[in-house]
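In what follows, a structure is listed as C-alpha cells, so that the remarks can point back to it.
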Amino acid sequence: MSRLVQNLRTRLSSGFVLAFHDIQPQRLSELVDCIRPAQAVSLTELVDRSKAGKSTAGLFAITVDDGVGETVRGLTHLFRKRAWPATFYLATSYLDSKQGMGFQWWRNLLPFLPLRKIELKSGVIDLSRPGGVRDLSKKMETMWHSQRMESYLPLTLELAEIAMREHGLGIDAIRPPEPITWSEVTKISRGDLIRFESHGVSHAAMSTLTDEELVYEMKYSQDLVSQHTGRPCRHLAYPFGSSRSIGPRAALIAQKLYDSAATMSLGSVDAANPWLLPRIPLYPENPTWYVNLKILLKCNRANALLCARGGDLPIADAAGSLVRRSPV
C-alpha cells in the first residue's frame with residue numbers, strides 16, 4: 001500500500017512547499033527521503049516557476065518556521081550535508097529579545113498546570129474536571145489565531161507563575177528554547193544553499209493588527225533580516241498560517257513587499273496565489289505512508305487544474321500609501 005501511494009504521488013503531484021517546525025535532523029531526513037525521486041529546490045525557484053506558468057512537477061521546497069536555535073543549527077548541518085536548499089522563517093523579536101513567543105511558553109507550561117480550580121485576575125478556571133486542560137488549551141489556540149497578544153499573553157504568564165510556585169520550579173523549567181543568534185544568521189547566510197526570510201516581528205496573528213501594525217510587522221522584519229543576511233528578504237510566512245489568523249488585509253500588503261507569503265493551508269504551488277502560498281506541514285510523528293498520501297491528496301495535478309490562480313490581488317491605494325510611509 002505504501003509503495004502504491006508513493007508511486008501515485010510521484011506520477012500525479014505538482015510542486016509543493018514543505019513546512020516544518022521543531023524537528024530533529026534525522027527525522028526530517030527520513031520524511032524528505034520518503035518523497036524521492038522528487039527534488040528539493042529553493043523556495044525562490046519554486047515560486048518563480050509557478051508565477052511564470054512553468055511546470056513544478058517533481059519539485060518541492062523545504063521551509064522551517066520560527067528560528068529555534070538548536071533546530072536551525074542541526075538542520076543547517078543536515079541541509080549542507082545533503083545539498084538541500086532550505087528556507088528558515090524568522091520571527092525577529094524572538095531573536096532580539098530571546099524571551100520566547102507566547103505559544104512556546106504555553107506549550108512548555110502545559111504539563112505543569114495544576115489540576116484544580118485556579119483563581120486568576122480575570123476570573124476562575126476549573127482544571128479539575130475531565131477535559132479541563134484540553135479545553136483550555138483549545139481556547140488558547142483559538143486566541144492565538146484570532147485575538148491580540150494582549151488578550152492571552154498575560155493569562156499565560158499568570159498561569160506560569162502559579163504553576164512554578166505550586167511545583168517549586170524555577171523559570172528555566174518552562175522557559176522557551178533559545179533562538180538562533182543574529183551573528184549565526186549572518187554566518188550561515190554566506191553560502192547560497194540556506195536562506196533566512198521573514199516570519200513577522202512578534203508572531204502575532206496578522207488578522208488582529210491594524211494596517212499600520214501590519215506594515216510594521218512586514219517591513220521592519222524584512223529590513224532586519226536583510227540587514228543581517230546581506231541579501232534581499234523576498235518571502236514571508238504568516239504567523240500561525242490559518243485563514244483566521246491571516247485575515248483579509250495581510251495579503252494585500254504582502255504583495256507590495258514580498259515575492260511570496262506562505263500559509264499553512266494545504267495544496268500545491270500550481271494555480272496558487274503566491275501571497276497565499278499553500279504548504280504541506282509535516283510533523284515528527286507522521287509515518288512515511290501518511291506523508292505521501294497527504295501530498296497525493298492535496299497536491300495532485302487534477303486539484304491544481306480545478307483551482308483558479310485568483311489573479312493579482314487588488315492592492316488598495318491606502319495599502320500602497322501605508323507601505324511607502326512604513327517605518328524601517
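Summary of values
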read-out: Net charge, residue 44 excluded, C-beta distance under 10 Å - Lys, Arg +1, Asp, Glu -1; value: -1
read-out: Net charge dipole size for the chain [Lys, Arg +1 and Asp, Glu -1 on Cβ; Debye, nearest 20]; value: 1020
read-out: R0 of 30 Å, Cβ-Cβ distance residue 39-residue 171: FRET efficiency to nearest 0.05; value: 0.10
read-out: Order by protection proxy (mean Cβ within 10 Å, highest first), peptides 212-220, 57-65, 199-207; value: 199-207, 57-65, 212-220
read-out: Label-point separation in nm, residue 283 to residue 146, each point 7 Å along Cα→Cβ; value: 2.0
read-out: Which labelled figure in [x] 16.6; [y] 25.3; [z] 17.9 is mean projected area of the Cα convex hull in nm², once derived from the coordinates; value: [z]
read-out: Calculated FRET efficiency for the pair residue 21/residue 134, C-beta based, R₀ 30 Å, to 0.05; value: 0.90
read-out: Sites residue 210 and residue 51 - FRET efficiency at Förster radius 45 Å, r taken between beta-carbons, to 0.05; value: 0.90
read-out: Sum of side-chain charges, residue 262 neighbourhood, beta-carbon under 10 Å (Lys, Arg +1; Asp, Glu -1); value: -1
read-out: Computed Kirkwood radius, in angstrom, where 1/r is averaged over Cα pairs of region 102-173; value: 12.5
read-out: For region 102-173, size of Cβ-based charge dipole, Lys and Arg +1, Asp and Glu -1, in debye; value: 240
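Throughout, read-outs are computed from the coordinates displayed, never taken from laboratory work. Just so you know, these numbers come straight off a predicted model, no measurement behind them. Every residue, glycine as well, gets a Cβ built from its backbone with ideal geometry; the counts of neighbours run over all protein chains shown.
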